[in-house]
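Visitor: Let me begin by handing over the structure; questions about it come next.
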Amino acid sequence: MNEKQKALLQVTLIYLVVGLVGWVTFEYFDDSGILLRFIYADLTMTLVTYFFSVLKKNSSVYDPYWSLIPFYFVLFWYGYYNGTEWGIYPWICSLAIAFWGFRLTLSWARGWPGWHHEDWRYVNFRKQFGKFFQPINFLAIHLFPTVIVFLGMWPLFWVYEFGEMENPVLFYVGAALAFLGGFLELLADNELDRFRKRENKKKEDILRTGIWAYSRNPNYLGEMLFWFGLLGMGLAYGAPSYTAIGSIGMLLMFLFASIPMKDRQMEKNRPESFAKYKREVSRILPLPPKRSN
């Protein structure tokens, strides 16, 4: 077993512990409302993940949380609401989440080389905030994503408990968006994996094959489609319009934080080739590339 395999095994064990602690917390607060029980479990799991990230001195411990917790929620719903009696709609919703979560977790696992590597954004935070890094580590790297993912899942409480089907057409549109988002990300992931394994690597190289030839951020586009797809399925079950705050928050985060941060990193590492790529390829929507001298 090589070092990467050992590291992935450790991460797997960590998230088994995280999930177990979440379920115990969920069961412990059985006298609370279902929404609060999920919140308590989610926050406890975040604290446990943060503990391991400090223990390992690597905040990338949190990275799989984004893709695993929505699936953990599905497992909680399945256990709590007797999933063997679910109809077609909860199953479609669950499969959309499972497909997205498996794809994203797989993408992270095959791209993460091991404990010696930490996401470049976290490395920048360590350098920028110095001795104040740990508060940023907990609040920005751990707690904020937990909150926004929970808000993104909020409309689905109407699918699994609170609501009744009101608009099947809207549900299927939402499901189609969620699956399309996951599939788009899968295409982007496979192209990115091949690019990373290419021969004769050069510093100025930029991925411009497949879907990346038409969009500079097809993975983020897929994420936005997925979360708005979940919103559509929830609204079809009567979820209030204010539950859209999670999907809208995701949109704003990707547009005004994640994508600009990535662009600045690309401009820093590949100034000439990225400038050309930026002129020729659409920022988000897949469009025919422009010609540039």
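Visitor: Would you mind checking LYS131/LYS278; LYS131/LYS202; LYS56/LYS262; LYS131/LYS276; LYS56/LYS276 for any pair whose Cα atoms are more than 28 angstrom apart? Don't jump to the answer; show the numbers that get you there.
Guide: On the way: LYS131/LYS278 36 Å; LYS131/LYS202 35 Å; LYS56/LYS262 25 Å; LYS131/LYS276 38 Å; LYS56/LYS276 39 Å.
The answer is LYS131/LYS278; LYS131/LYS202; LYS131/LYS276; LYS56/LYS276.
Visitor: From Cα pairs below 8 angstrom and at least 6 apart in sequence, can you work out the relative contact order of segment 3-280, rounded to a whole percent? Display every interim value, and only then the final one.
Guide: Working: 295 pairs, mean separation 55.1, N = 278.
Normalised by residue count, the contact order of segment 3-280 is 20 percent.
Visitor: List every residue whose amide H lies under 5 Å from the amide H of ASP119, counting only residues 5 or more places away in sequence or on a different chain, with H placed 1.01 Å from N in the peptide plane.
Guide: Correct list: SER60.
Visitor: Any idea what log10 I(q)/I(0) is at q = 0.22 Å⁻¹ for segment 132-205, Debye with uniform C-alpha scatterers and no solvent?
Guide: These q points yield log10 I(q)/I(0) values of -1.00.
Visitor: Right, next: Give the calculated FRET efficiency between ALA109 and PHE195 to the nearest 0.05, with a Förster radius of 22 Å applied to their Cβ-Cβ distance.
Guide: Details: r = 17 Å, r/R0 = 0.78.
Rounded to the nearest 0.05, the efficiency is 0.80.
Visitor: Follow-up question, since we're still on this one. Once label points are set 7 Å from the Cα along Cα→Cβ at both PHE132 and ILE88, what is their separation, rounded to one decimal in nm?
Guide: Using points 7 Å along Cα→Cβ, the separation is 5.6 nm.
Visitor: Any chance you could run the full-extension gain for LEU252 through ASP30? It's 0.36 nm times the residue separation minus the Cα-Cα distance, nm to one decimal. Write down the numbers at each step before the final one.
Guide: Values: separation 222, 0.36 × 222 = 79.92 nm, distance 3.48 nm.
That pair, LEU252 and ASP30, stretches by 76.4 nm at full extension.
Visitor: On to the next question. Hey, fewest Cβ within 10 Å first, where do ASP119, ASP205, ASP63 land in order? Please list the in-between numbers first.
Guide: Working: ASP119 16, ASP205 12, ASP63 24.
Ranked by crowding around the Cβ, least crowded first: ASP205, ASP119, ASP63.
Visitor: Find, among the GluC sites (Glu not before Pro) in segment 197-244, those assigned to loop by DSSP (not H, G, I, E, B) with at most 15 other beta-carbon atoms within 10 angstrom.
Guide: Within segment 197-244, the qualifying GluC sites (Glu not before Pro) (loop, at most 15 other Cβ atoms within 10 Å) are GLU199, GLU204.
Visitor: Now, a different point. Which whole-number percent is the relative contact order of segment 133-238 (Cα, under 8 Å, 6+ apart)? Show your work: numbers first, answer last.
Guide: On the way: 112 pairs, mean separation 52.1, N = 106.
The value is 49 percent.
Visitor: Output ³J(HN,Hα) for segment 141-146: one whole-Hz value per residue in order, computed from phi by the Karplus curve 6.51 cos²θ - 1.76 cosθ + 1.60 with θ = phi - 60°, and x for Gly and Pro.
Guide: Residue by residue, segment 141-146 yields 8, 9, 5, 4, x, 4 Hz.
Visitor: Rounded to the nearest 10 degrees, what's the angle between the helix 3-28 long axis and the longest principal axis of the chain, both from Cα atoms, 0 to 90?
Guide: Result, in degrees: 30.
Visitor: Now, a different point. Please report the equivalent ellipsoid semi-axes of the chain, computed as sqrt(5 x eigenvalue) of the Cα gyration tensor, largest first, in whole Å.
Guide: Details: eigenvalues 211, 126, 57 Å².
Square roots of five times the eigenvalues give 32, 25, 17 Å.
Visitor: A further question follows. Which of ARG291, ARG196 has the fewest other C-beta atoms within 10 Å, and how do the rest follow up to the most?
Guide: Values: ARG291 7, ARG196 11.
Ranked by crowding around the Cβ, least crowded first: ARG291, ARG196.
Visitor: How many nm separate the modelled label positions at PHE51 and LEU9, each set 7 Å beyond the Cα in the direction of the Cβ?
Guide: Placing both labels 7 Å along Cα→Cβ, they lie 2.3 nm apart.
Visitor: Where does each of TYR80, TYR237, TYR62 land when they are ranked from fewest to most other beta-carbon atoms within 10 angstrom? Could the numbers behind the result be given before it?
Guide: On the way: TYR80 16, TYR237 25, TYR62 22.
Neighbour counts put them in this order, fewest first: TYR80, TYR62, TYR237.
Bear in mind these aren't lab numbers, they're just calculated from the coordinates by the rules spelled out. Only a predicted model underlies this, so the values are computations on that prediction, with no experimental measurement involved. When we count neighbours, we look across all protein chains shown, and the Cβ atoms used for this are built from the backbone with ideal geometry, even at glycine.
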